[in-house]
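Asker: The following block contains the structure, expressed as structure tokens.
The values are calculated or read from the model by the stated rules, or taken from the named source; none is laboratory data. For clarity, every value in this text was computed on a predicted model and none was experimentally measured. Cβ placement follows ideal geometry from the backbone for every residue including glycine, while neighbour counts extend to all protein chains displayed.
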Amino acid sequence: MSLLKDIGKKNSSEHLNTIVGDGTMVSGELAVSGSARIDGRFSGKFSTTGHLTVGQGGSIEATDTVHCQSANIAGTIIGDITAPQRVHLARTAKVNGNITTQALIIEEGATFNGKCNMSYFDAKGEAET
């Protein structure tokens, strides 16, 4: 996928491995080792072993649950999200789907249509019931 590139910059004190830039449209399956930032449009199956940032103009239309350790969302996600650490919805965020996490932060103005399961996660990142 030549539309994706590795960069050596820091983002929120964590290494950012993959970026889908503004104006870029990607579809398919994307599994990122590390953290990712989406400022363009992604459609398909998405997972990252680290932090996910969706910029204000970014969007993910997920065909399966979006998996990440934590997420800061200022754009749009259509689909379910599982993030063992936390999910932060900025005032410009739009999420249509269920969220499973230990901590959820929703700023005034954000749109969240779905259910939230506040779960504890085991060492493997699996939600405990």
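Asker: Can you list residue pairs whose Cβ atoms sit under 9 Å apart, with the first residue in region 95-117 being over 16 Å from residue 83 (Cα atoms) and the second being loosely packed, with under 13 Cβ neighbours inside 10 Å and of a type outside the set (S, T, N, Q)? Count only pairs 6 or more apart in sequence or on different chains.
Answerer: Sorted first by the residue in region 95-117, then by its partner, the pairs are 107/91; 108/91; 109/91; 110/91.
Asker: Test residue 7 against the stated conditions and say whether it is of a type in the set (A, V, I, L, M) and modelled with pLDDT of 95 or more.
Answerer: Details: of a type in the set (A, V, I, L, M): yes; modelled with pLDDT of 95 or more: no.
The answer is no for residue 7.
Asker: Please verify whether residue 99 is farther than 19 Å from residue 17 by Cα and of a type outside the set (Lys, Arg), treating the condition exactly as stated. Can you show your working first?
Answerer: Details: farther than 19 Å from residue 17 by Cα: yes; of a type outside the set (Lys, Arg): yes.
Taking the combined requirement at face value, the residue satisfies it.
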